[in-house]
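Below is one structure, written out as structure tokens; comments come after it.
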Amino acid sequence: MDRPGTVSLGGRATAVAIPAELLLDVFHLAGLDPLTCSAVCKFWRRTSLYTRSLWAAITLHDLAPSRSLSRACYFVELAGEQVLSITRHGIHDPGPGSDTIDVDEAGIAALDAFVERCLPRSKSLIYSGIQMRSEPELFDHFLTVLLSPALHLETLRLQSDLFLEPPEDDAYDETASIDMQANFPRLRVFALHGVCMPFDRLRWSGPDPLLESLEILLICEDAEESPDYLTCEYDHNMSMAGQLEPMLRNCRALQELKLDHCSETTDEFEPEISRLDLHSVLHPSLRSVHVQEIGLGWPSCATLAMVPFNLPALTTLDLWGFRTQPVPTAHTLDAKKCSPIDPVLELFAAAPNLQDVSFHDWTRAPCQHTPRRSVLLPRLRRLEMNDCSHNVAKAFRSALVTPMLDDIQECYDGDRSASNSIESLDLLDNTTA
């Protein structure tokens, strides 16, 4: 090194001096490890050590907890008063036939304590790939995080590949509701994967929550149906929607919504299951909606005539499972004067910017009434109807006008039932029912 920022090779300068500001931009944009950067030369080391924001991004690995903890503590010291971004990677199960992995339970517990200690000064906390560790301890750790105020936190992703639920001796049923807005007033992104809990305990109670992205993925089955497999004490198979609705009703800034419940269902109609009131949870700010196997309560045609949907920002809509399909009852059909597809068409009409739509497992056949209207979707480019009944697909084909459509998938039982050709599906025909 001849002078700060200039590298010499064989007595010849190969790079001109790089301003520290530009160098830092490279570090940040490339996501370079500050330890690696500080080992290149004196200038890079001095620049790294005096830039506290470089040390605020901390990565923890459960596979090497002692090393991760030592490294993290060093980063925290150099970060000073900077808010932290913590990402934690779990241990992946190698599967049968692979070498056994020794899990350092004490070291993992020390990482739990470190996260809980640093949470109040963190703006991001992300867990991913958690597979090999004690389920009760991980549940307790996640619960501690949810109950701990973190006024700077903007992103919270608690993603477990394990099935987590309170232990039998847990007193969580007696725990007061978790006021997410009070604990995390700046929270914009929240994801919860694999955690079985009463979701109505998660509340955004204050005015105008900032939450923009909500993602809940749960795999649980009814204890009565499978007592020897995954059990659920909160009857999510029947009451998931009812538990989620209070949370969704007040989150009016939501832009992305993903609700995924992998459950065992037996009866298509299931009149006793709870259903999300779509009028209450589909806010105008939403851009992307994905719902799987959670009951949806579609408004009747008469209700929509008085209070229509308003979804100007919606571009992506994925509805998976027959629980998301309108139930053909007298209430939704207005005494059999409209088709069950009509409420869906009203939603389309309120979302003129839709670009990507998919339906899966819509197997309930509509009544004999054909859709009452046609709907123009001028920006729709992709339409997917997988494992939907032919009557459902036919109803959509007869009602949609899609001049920009260039990708169509229509399959049943894994077999494509129609050509990808737009013309063959008649989706360009402006035909009224």
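Can you pull out every residue in the stretch 123-174 that is part of a helix (DSSP H, G or I), aromatic (Phe, Trp, Tyr) and either modelled with pLDDT of 85 or more or within 21 Å of the chain's Cα centre (by Cα) (or both)?
Within the stretch 123-174, the subset part of a helix (DSSP H, G or I) is 135-147, 172-174.
Keeping just the survivors that are aromatic (Phe, Trp, Tyr) gives 139, 142, 172.
Passing the criteria: Phe139, Phe142.
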- Among the residues of the stretch 316-360, write down those that are modelled with pLDDT of 80 or more and assigned to a loop (DSSP other than H, G, I, E, B). Gly321, Gln325, Pro326, Ile341, Ala350, Ala351, Pro352, Asn353, Leu354, Gln355
- Query: Out of curiosity, is Ser205 at pLDDT below 80 and touching a strand residue (DSSP E or B) at 6+ places or on another chain (Cβ under 7 Å)?
  - Reply: yes
- Note on the structure: Of the residues in the stretch 60-92 that are under 23 Å from the mean Cα position of the chain (by Cα) and at pLDDT below 90, the one that is surrounded by the fewest Cβ atoms within 10 Å (Cβ to Cβ) is His92
- Message: Return the residues of the stretch 13-36 that are at pLDDT 50 or above and not aliphatic (A, V, I, L, M); say none if nothing qualifies.
- Response: Pro19, Glu21, Asp25, Phe27, His28, Gly31, Asp33, Pro34, Thr36
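Listed here are the residues, each with its yes/no results for (1) in a loop (DSSP other than H, G, I, E, B); (2) out of contact with any strand residue (DSSP E or B) (no Cβ under 9 Å at 6 or more places or on another chain); (3) farther than 26 Å from Gln355 by Cβ; (4) modelled with pLDDT under 90.
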position	(1), (2), (3), (4)
Pro271	yes, yes, yes, yes
Ser274	yes, no, yes, yes
His279	no, no, no, yes
Pro284	yes, yes, no, no
His290	no, no, no, no
Pro299	yes, no, no, yes
Leu304	no, yes, no, yes
Asn310	yes, yes, no, no
Leu314	yes, no, no, no
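The values are calculated or read from the model by the stated rules, or taken from the named source; none is laboratory data. All of these numbers come straight from a predicted model, not from anything done at the bench. Backbone-built Cβ (ideal geometry, glycine too); neighbour counts: all protein chains shown.
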